[in-house]
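As structure tokens, the structure follows; a few thoughts come after it.
The values are calculated or read from the model by the stated rules, or taken from the named source; none is laboratory data. These numbers were taken from a predicted model, which means no experiment stands behind them. Here the Cβ is made from the backbone with ideal geometry for all residues, glycine too, and neighbour counts use every protein chain on show. For accessibility, only protein heavy atoms count, side chains too; no ligands or nucleic acids. Shrake-Rupley method; radii C 1.70, N 1.55, O 1.52, S 1.80 Å.
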Amino acid sequence: MSTTLNPKKKSGFIGERYIVIPSEMVQTAATDPIISDLYITAIGYFPEAQYHHTSREAGNNDNVLIFCKEGKGWVEIDNGPKYIIQPDDFVIIPQGASYSYGADDKEPWSIYWAFFSGTKAHLLCQDQQVPKKVKTDVEPHAFYRTELFEEIYFMIGNGRSLNRMAYASHCFHHLMATFTYVDLYAESTNRRKPADNFVHIAISYMSEHIDKTLSITELAAKCGYSRSHFTHSFTHEMGMAPKEYFMRMKVNRACLLLKNTNESIVEIAMRMGFGEGQYFSRTFKKLKGMTATQYRQISRRSESEE
């Protein structure tokens with residue numbers, strides 16, 4: 001009787017997104033007076049990362065932030081105890097520390113993660129090697145936090161200029177503050193209007209499940225609204241129906257993949273939850289006024305001319 005071992009892997013998950021900053025940009029950031037205090041070197045999101053496993057005995061040149069949104073995982077740092085990571089937990093692995101981490105076999109985690117460095121980065125790692133929970137009593141807080149992740153990802157995904165790196169660096173300062181000062185962060189987000197809250201919840205949920213097909217009923221339930229009230233309120237706030245907004249979000253995310261990866265159009269269509277290439281191609285051309293192939297050619301030509 002043969003036994004099948006689980007295939008451990010570092011990446012390659014359905015719906016994953018990540019960006020690694022080119023080494024020349026990292027070197028520039030490390031010497032820039034505005035950015036050098038704190039800057040990211042990589043950032044990403046792994047949804048339902050089954051068989052995820054990473055181990056580095058010699059540690060990493062950067063610090064590593066892991067924030068678990070759903071599911072479970074584990075982490076070991078410097079041969080210390082094995083800690084279980086659950087939803088709303090975060091942990092920081094300091095530069096140079098040996099580590100292993102991975103997803104739970106039965107309930108694999110969905111995580112936002114970032115590699116970061118800087119002259120003051122070590123100060124943010126103090127006493128953060130034991131997982132801490134950041135969940136508060138108010139639902140929107142977690143969604144605003146993930147929106148900061150998304151804003152950093154979007155900014156760097158659309159170009160590699162020094163200004164973009166600086167903007168992302170300042171956003172990352174804010175993001176780290178939401179983990180370090182949880183109570184103050186909750187106090188700040190409490191001042192937002194109820195309408196702002198439900199819109200952020202809906203948009204963040206769309207972003208985290210961009211590779212799936214979401215129903216209006218599911219989105220409404222997530223926001224605590226009836227289906228009709230959610231549709232009316234979302235359209236009033238955003239100027240378009242939730243289904244159209246979600247479709248535009250998918251296409252905009254596809255644009256990043258077309259520009260920054262060599263994945264085929266069919267692969268990108270599948271990653272964005274379109275199911276098959278023809279539906280994606282029709283939708284892309286309708287919203288962007290050109291085919292996906294044309295967009296890829298034009299965006300890469302523009303980048304080479306910068």
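Observations
- The protection proxy used here, the mean number of other Cβ atoms lying within 10 Å of each residue, ranks peptides 268-276, 109-117 as follows, highest first: 109-117, 268-276.
- Put a plus charge on the Cβ of each Lys and Arg, a minus charge on the Cβ of each Asp and Glu, and nothing anywhere else: the dipole of the chain about its Cα centre is then about 980 debye.
- Net length gained if the chain between residue 170 and residue 262 were fully extended (0.36 nm per residue, minus Cα distance): 30.2 nm
- Partners for residue 72 among aspartates and glutamates (Cα-Cα distance below 14 Å; same-chain residues under 8 apart left out): 48, 88, 89, 104, 105, 107
- Here, P(r) means the percent of Cα pairs in each 10 Å bin from 0 to the largest distance; for the range 4-146 it is 12, 39, 36, 12, 1, 0.
- Taking θ as phi - 60° and the Karplus parameters 6.51, -1.76 and 1.60, the scalar couplings of the range 271-287 work out to 5, 8, x, 7, x, 8, x, 5, 5, 4, 4, 5, 5, 4, 5, 5, 8 Hz in sequence order, x denoting glycine and proline.
- Seen through its C-alpha gyration tensor, with square-root eigenvalues sorted a ≥ b ≥ c, the range 152-306 comes out oblate because a/c lies at 1.5 or above while a/b is not bigger than b/c.
- Average accessible area per residue (Å²) across the chain - probe 1.4 Å, nucleic acids and ligands excluded: 51
- For the residue pairs 259/285; 82/106; 8/120; 8/250; 243/288; 9/243, the alpha carbons lie more than 23 Å apart in 8/120; 8/250; 9/243.
- Among [x] 72, 19, 15; [y] 36, 28, 16; [z] 30, 24, 22, the entry that matches semi-axes √(5λ) of the Cα gyration tensor in Å as calculated here: [z]
- Whichever aspartates and glutamates have a C-alpha closer than 12 Å to that of residue 222, once near sequence neighbours (fewer than 8 apart) are set aside: 139
- Within a Gaussian network of the chain (alpha carbon springs, distance under 10 Å), most fluctuating of 214, 148, 184: 184
- Positive-pole candidate from 215, 170, 83, dipole of the chain, charges at beta carbon: 215
- Positive end of the dipole of the chain (Cβ unit charges, origin at the Cα centre): among 123, 294, 233, the Cα lying farthest that way belongs to 294.
- Put a plus charge on the Cβ of each Lys and Arg, a minus charge on the Cβ of each Asp and Glu, and nothing anywhere else: the dipole of the range 62-110 about its Cα centre is then about 40 debye.
- Comparing 38, 65, 287 in a Gaussian network model of the chain, where Cα atoms under 10 Å apart are tied by springs, the biggest mean-square fluctuation is seen for 287.
- Of all accessible heavy-atom area on the chain, the percent that carbon and sulfur account for (1.4 Å): 51
- Loop-located trypsin sites (Lys or Arg not before Pro) in the range 58-93, at most 12 other Cβ atoms within 10 Å (DSSP): 82
- Charges were assigned to the Cβ only: +1 to each Lys and Arg, -1 to each Asp and Glu. The resulting dipole of the range 157-306 about its Cα centre is roughly 460 debye.
- For the range 221-240 and the range 106-128, distance of Cα centres in Å: 34
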